[in-house]
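The values are calculated or read from the model by the stated rules, or taken from the named source; none is laboratory data. Treat the numbers as computed from the prediction; the structure is a model and nothing was measured. In this analysis, Cβ positions are derived from the backbone assuming ideal geometry, glycine residues included, and neighbour counts consider all displayed protein chains. Just so you know, the surface numbers come from the protein's heavy atoms only, side chains and all, with ligands and any DNA or RNA stripped out. Shrake-Rupley method; radii C 1.70, N 1.55, O 1.52, S 1.80 Å.
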Amino acid sequence: MKILAIETSCDETAITILEATGGEGDATFRIRGNALLSQIDIHKEYGGVFPALAKRAHAINLTPLLTAALKDADMLNEGSVSLSPDAATFLAREYELAEELKAFLSAHATPDIDVIAVTYGPGLEPALWVGVNFAQALARAWNKPLVPVDHMEGHLLASLVEGDLKEFTLRGVDLPVLSLLVSGGHTELIQMPSWLSYTLLGSTRDDAVGEAFDKVARILGLPYPGGPEVSKLAERMRGTPSTVTLPRPMITSDDLDFSYSGLKTAVLYMVKGRELSEDEKATIAREFEDAAIDVLWAKSSRALQESGAKTLAVGGGVSANTHLRRFFAEKIAHEYPEVTLRFPPTGFTGDNAIMIGVAGYFRALRKEFAEPGTVRASGTLALHQ
Ligand code: KG4
Ligand code: ZN
């Protein structure tokens, strides 16, 4: 099956063309085309993602990225398809996008794909709608089935694959899987007892861990997106004892929930009114990273004991974090040698359309198609609901 996958939930516009074979738990994927544009430069000056700007950037970027991904896949063929009036209604409020897509369709033939997958939530609603409507218009124009995909299911499945940006597999995963999803919007522990079935075990009561990284970065005067910057700074202090102490919120609480807003506030009080040297900043970044990840591990460990999971898979943007990977690997090796630890390969951690293609493939195998015009973007949708 050839899947065209579209992702616009936050600040990355991404389109991937995947070729997939096999079934749930034993699938092989080839990336035929991949095009991604990050909006970092647009949002940098605001220190965070600005929804109206994100929406506009997605609208501007989608058609050029579609062209690039199809070209990459050798699927950009001359021809002509018309955007029927009902397909055009999906883009009625996206004048520029509608014009660009019409121009694209009038010059290119329907590509040899079998299904269109698109993220419909969770994320920034205005941003999601652009992708959803673009996908709905394409599905109608090309007469292809459409699969709505949960962004978090994408992150979860991406944490189970092995391979690279050319070819990867999803096989040999021992169930049940315990998934720790850590991103800018989510901090969740999810149990997957069988393929594509999920139980939410715990989640954050306030800020997500990625959000805390980003806010601490701002407090320390580091550029957006802050997670990787805090991590880079913290790495400089590894191997030396910490000279400051921050709280580990909810680390001993009798549940699997998280809380990160107090930790961020503690950092704010620690630096308030002080001029920090680079070393002091790095010391605080390191202690913050330790505190944040100590709690992630404590709750994951508790969940492993309670759930008897055979695989622990960490996914989402924060799963790129060096300390998290090292720390979890050491802990699993010493405390749970029978559990397999998995992380997404490079290029699969942050937002991308590859993971949407993977989830879209499995959902398409189950024939979970949606009629164009019926998909609703949702900011709060989550895969456990
Ligand atoms: O999954 P993702 O790309 O987007 C969402 O769905 O939210 O996650 C983005 C989050 C941001 O908060 C970013 O700062 C964080 O992941 N992040 C990191 C690292 N790389 C990205 N946090 C800590 N260490 C990193 N290396
Ligand atoms: Zn994400």
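Does Asp164 count as away from ligand 2 (no atom under 16 Å from the Cβ), closer than 20 Å to Asp294 by Cα and among the acidic types (Asp, Glu)? Criteria not met by Asp164.
Within the stretch 318-341, the set of residues being among the hydroxyl-bearing types (Ser, Thr, Tyr) and surrounded by fewer than 22 Cβ atoms within 10 Å (Cβ to Cβ) comprises Thr322, Tyr336, Thr340. Can you confirm whether the stretch 227-236 contains a residue that is away from ligand 2 (no atom under 16 Å from the Cβ), closer than 13 Å to Phe288 by Cβ, open to solvent by 50 Å² or more (accessible area, probe 1.4 Å) and of a type outside the set (D, E, K, R)? Among the residues of the stretch 227-236, not one is away from ligand 2 (no atom under 16 Å from the Cβ), closer than 13 Å to Phe288 by Cβ, open to solvent by 50 Å² or more (accessible area, probe 1.4 Å) and of a type outside the set (D, E, K, R), which makes the answer no.
On the basis of being open to solvent by less than 50 Å² (accessible area, probe 1.4 Å) and assigned by TED's automatic domain parsing to the domain that holds Ser300, does Ser261 make the cut? Criteria met by Ser261. When Leu53, Leu65 are checked against the criterion of being more than 16 Å from ligand 2 (Cβ to nearest atom), open to solvent by less than 50 Å² (accessible area, probe 1.4 Å) and modelled with pLDDT of 85 or more, a single residue qualifies: Leu65. Checking every residue in the stretch 115-134 against the condition of being surrounded by fewer than 16 Cβ atoms within 10 Å (Cβ to Cβ), in contact (Cβ under 8 Å) with a residue 40 or more places away in the chain and among the aliphatic types (A, V, I, L, M) gives zero matches. The test for being surrounded by fewer than 17 Cβ atoms within 10 Å (Cβ to Cβ), farther than 29 Å from Val161 by Cβ and not acidic (Asp, Glu) holds for Val244.
Residues in the stretch 138-151 that are within 11 Å of Glu371 (Cα to Cα) and more than 18 Å from the chain's Cα centre (by Cα): how many?
Final tally of qualifying residues: 6.
Inside the stretch 3-29, residues that are open to solvent by less than 10 Å² (accessible area, probe 1.4 Å) and either away from ligand 1 (no atom under 16 Å from the Cβ) or closer than 16 Å to Asp112 by Cα (or both) make up a count of 10.
Residues that are surrounded by 19 or more Cβ atoms within 10 Å (Cβ to Cβ) and aliphatic (A, V, I, L, M) within the stretch 290-303 comprise Ala291, Ala292, Ile293, Val295, Leu296, Ala303, listed in sequence order.
With the structure loaded, tell me whether Ser261 is out of contact with any Gly (no Cβ under 6 Å at 6 or more places or on another chain), touching a residue at least 60 places away in the same chain (Cβ under 8 Å) and closer than 29 Å to Asp11 by Cβ or whether it fails that test. It would help to see each step written out before you state the result.
Numbers: out of contact with any Gly (no Cβ under 6 Å at 6 or more places or on another chain): yes; touching a residue at least 60 places away in the same chain (Cβ under 8 Å): no; closer than 29 Å to Asp11 by Cβ: yes.
Judged against the criteria, Ser261 is not a match.
Out of curiosity, is Val271 closer than 24 Å to Ser259 by Cα, open to solvent by less than 30 Å² (accessible area, probe 1.4 Å), under 20 Å from the mean Cα position of the chain (by Cα) and at pLDDT 95 or above? The answer is no for Val271.
In the stretch 290-325, what count of residues is obtained for those that are in a loop (DSSP other than H, G, I, E, B) and of a type in the set (D, E, K, R)?
Restricting attention to the stretch 290-325, the residues satisfying the condition of being in a loop (DSSP other than H, G, I, E, B) are 308-310, 316, 321.
Next, from what is left, pick out any that are of a type in the set (D, E, K, R): 310.
Number satisfying all stated conditions: 1.
Only one of these conditions is not met by Gly315: (1) open to solvent by 30 Å² or more (accessible area, probe 1.4 Å); (2) within 16 Å of ligand 2 (Cβ to nearest atom). Which number is it? Of everything listed in (1) open to solvent by 30 Å² or more (accessible area, probe 1.4 Å); (2) within 16 Å of ligand 2 (Cβ to nearest atom), Gly315 misses just condition (1). Does the stretch 178-194 hold any residues that are more than 23 Å from Val49 (Cβ to Cβ), hydroxyl-bearing (Ser, Thr, Tyr) and either open to solvent by less than 10 Å² (accessible area, probe 1.4 Å) or within 12 Å of ligand 2 (Cβ to nearest atom) (or both), and which are they? If the condition is that a residue be more than 23 Å from Val49 (Cβ to Cβ), hydroxyl-bearing (Ser, Thr, Tyr) and either open to solvent by less than 10 Å² (accessible area, probe 1.4 Å) or within 12 Å of ligand 2 (Cβ to nearest atom) (or both), then Ser179 is the only one that fits.
When you go through Ser194, Ser179 one by one, which is the residue that is touching a Leu at 6+ places or on another chain (Cβ under 6 Å) and at pLDDT 95 or above?
Numbers: Ser194 fails: touching a Leu at 6+ places or on another chain (Cβ under 6 Å).
Residue meeting the stated conditions: Ser179.
Any idea how many residues of the stretch 197-242 are farther than 19 Å from Ala282 by Cα, among the polar types (S, T, N, Q) and in contact (Cβ under 8 Å) with a residue 24 or more places away in the chain?
Matching residues across the stretch 197-242 total 3.
Scanning the stretch 133-168 for residues that are in contact with a Leu (Cβ under 6 Å, 6 or more places away or on another chain) and in a strand (DSSP E or B) yields one hit, Asp150.
Of the residues Arg140, Arg171, Arg205, only one is open to solvent by 10 Å² or more (accessible area, probe 1.4 Å), away from ligand 2 (no atom under 16 Å from the Cβ) and within 30 Å of Pro249 (Cβ to Cβ); which?
Working: Arg140 fails: within 30 Å of Pro249 (Cβ to Cβ); Arg171 fails: within 30 Å of Pro249 (Cβ to Cβ).
The conditions single out Arg205.
Every test in (1) surrounded by fewer than 20 Cβ atoms within 10 Å (Cβ to Cβ); (2) part of a helix (DSSP H, G or I); (3) within 18 Å of the chain's Cα centre (by Cα) is passed by Asp279 save one, and that test is (3).
For the stretch 30-42, give me each residue that is open to solvent by 20 Å² or more (accessible area, probe 1.4 Å) and either within 15 Å of ligand 2 (Cβ to nearest atom) or among the hydroxyl-bearing types (Ser, Thr, Tyr) (or both). Of everything in the stretch 30-42, those that are open to solvent by 20 Å² or more (accessible area, probe 1.4 Å) and either within 15 Å of ligand 2 (Cβ to nearest atom) or among the hydroxyl-bearing types (Ser, Thr, Tyr) (or both) turn out to be Leu36, Ser38, Ile40.
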